[in-house]
1. At 0.36 nm per residue, and after removing the present C-alpha to C-alpha distance, how many nm does the segment from C:Ala208 to C:Leu267 gain when stretched out fully?
2. For the pairing of chain D with chain C, what total accessible surface becomes buried, with a 1.4 angstrom probe, in square angstrom to the nearest 100?
3. Are there chymotrypsin sites (Phe, Trp or Tyr not before Pro) in the range C:1-38 that DSSP puts in a loop and that have at most 15 other Cβ atoms within 10 Å, and which ones?
4. At a probe of 1.4 Å, how much accessible area disappears from chains B and C on forming the pair, both sides counted, to the nearest 100 Å²?
5. R0 = 60 Å: FRET efficiency of D:Met1 with C:Leu176, Cβ-based, nearest 0.05?
6. Along the charge dipole of the range A:3-103, Cβ charges K/R +1 and D/E -1, which of A:Phe49, A:Gly22, A:His37 sits furthest on the positive end?
7. Hey, what does the equivalent ellipsoid look like for the range A:3-103, semi-axes from the Cα gyration tensor as sqrt of 5 times each eigenvalue, largest first, whole Å?
8. So who's got an amide H within less than 5 Å of the one on C:Leu314, skipping anything under 5 residues away but keeping other chains? H placed 1.01 Å off N, in plane.
Amino acid sequence: MGLNDIASTLLLAVAAFFYLAGTVGLLRFPDVHSRLHALTKADNLGLLFVCLAMALLSGSARVAALLAVVWLLALVASAVSAHLVARRALQFDPQAPAPAEHRAEPPA
Amino acid sequence: MSLLMMSGSGAVYLLAAAGIIGIGVYGLLSADHLLRKLLAMNLLGSGVLLLLVTLASRGGTPDPVSHALVLTGLVVTVSVTAFALALLDRLYRETGEIRIDAASDDPPDPADPADAKP
Amino acid sequence: MTLALDALLALALLALALGAVAGAALFRSIVMFIVFGVVLALAWGRIGAPDLALAEAAIGAGLTGALLLVSYRRLVRTTPRRTPRSRPAARLALPLGLLSAALVLGLGASGFGLEDTTTAGAGTVAVPSTAGQAVLAEMASLPLDNPVTAVLLIFRGYDTLLELTVLLAAYLGARLALGGSPPLSARSAPAALPMVGALLAIVVPLSALVSLHLLHAGSDAPGGAFQGGAVLAAAGVLLVLSGRLRAIGSAPTSQRLLLVLGTLTFLGFALAARLVGAALFTLPGMWAIYLIESALLLSIALTLVLLFAAGGGLAWGRE
Amino acid sequence: MNTVLSGFAIFLLLNLAAGMVRAFRGPTSSDRMSAALLFGSTVVALLLILAERDAMPALRDVALLFVLLAAILTVAFVGMPAVDAADQDAESPGEEGGAAPSNDARPGPAPKIPGGGRRAGP
């Protein structure tokens, strides 16, 4: 196991932590907005570390560039998706908290 | 892909395909909403495609002929789905019903316990 | 480890399939089905069919999902009443489902067994015994490196041609079914909403680029006209959803030509080969393959967007 | 290294199973949609891992397609009206029955229901 492999394993471990955090948040948080919050933030960080690990493992600049594009696009997609879903939930879902009340909460 | 066979993964996907086909048939017969019947039909199709590809990769190399066939099948499936949805829309506008047996006249049942909780 | 991975994947597929047909919540069924498509793309990758994974990603994530969600919006008020339990088809559903699963399992297992005996008996196989092996043996003499594309365009040109005809028939059938009155507009998030405009500015040009890349890569690597067309169609679907494109009653001539462009180009080459005495579907060279693939891509993309928008043609701008 | 990658892939699949629970339980359609988001991002990571492990670079293209097209689903989703039958179908499937209002009653995109779309049902 070379240095590259050890570094990738460590990165994957960090990624696993973030994915786990996102999933636990999705399962345990009480309402749509906090679930979305846990999910989008944690998962994007997880994906970042997966991309870093894979770029290290592949050792090719072309693959690293492709992975960078994938991560940036994932950021765009999740930002837009989270915004749209949260907005719709605020408008429509009976269980969703009022905006002011939601903003007052510290980020969990 | 010889690795796929050696590890018994081919058998796993064969089981999955059989299960998906069974679930598709079940859904096709038991669903009452036509949109769900359409979903079941799509599942059935996916199961068949999965079966084809699993059987095609049982030898050493994946078989390109069946891959091409399944690729064609995927595109045809989505166009057929779109066509079926157009038919559904027309049916709804003609009859106001989205079921096949629209003749039955039982009243709406707002509190059916069987469906109250998932 | 690999076996555990595949077993989990298969279990996820089965659970999602069950979720898509069980229960009364129609929206849940749709979400389950969409996720089923996503996981199926992963399974295609595992079975060694990256071509199919690409197509499933573009079609499952982009087209079918949006199609189902928009249709659900149109039909949302029509939640069915309870089905009478006595309906014979519903009573037969479980036994018939089990029966078909068992039948498929038996057939599939015998298929596996068949393979095993032939390879065991023949040892090193010299003569290709299936069409796929014949194709792989011929690949060396072709300018293409992707056998799937070779099958689609060279060995089984009929299939591809007829598939285009099926797409066209679906479009015409949808036109007939909808008649003169188009359904509710598919527009669901106007581009004026915050972030939707920015999303369009990023995703649409990139999709066009990726679609070209897939078309170009298709001759040597997984990809091709179908995947490229599906990606381009997904970008078109996004434009329809955001109201940048709208459906109109009948197509202008340019769009009608584009709809049949793939069929005509393919057929033209096939007949030209016939005229000079070669076999039907013999292609004169690599340039012909690129030309046909480009025409196929455009036709497939336009047909799929029109099927999604449930209109005869497309026009820019809001309705 | 392959063992590490396989282990991580299995971990991600278990995450997917958890997401499936949320997609199934709901309770609102927004919950189901956010679970679908989780699926998208996890499957992308899985594809990247498998591309490396099985040496199939085409799977990276599949991942690219997923992140490129992921937003289409949510854009299609936000147009959905929050009438009772839409959001609450899990709880009260038969509510709208054969009421069958005509299409003209809900013209245009994204009809907004005043009052936040609370259930009118029992």
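1. Value of the extension gain: 18.6 nm.
2. 5500 Å²
3. Passing both the DSSP loop test and the Cβ count: no residue.
4. Roughly 7700 Å² of accessible surface disappears when B and C pair.
5. Rounded to the nearest 0.05, the efficiency is 0.60.
6. Result: A:His37.
7. Ellipsoid semi-axes (Å, largest first): 33, 15, 7.
8. Amide H neighbours of C:Leu314, under 5 Å, 5+ apart: C:Ile248.
The values are calculated or read from the model by the stated rules, or taken from the named source; none is laboratory data. Given the structure is predicted, the values throughout are model-derived calculations rather than measurements. We place every Cβ from the backbone using ideal geometry, glycine too, and count neighbours over all the protein chains shown. When the accessible area is computed, the model is the full protein with side chains, heavy atoms only, and any ligands, DNA or RNA have been set aside. Shrake-Rupley method; radii C 1.70, N 1.55, O 1.52, S 1.80 Å.
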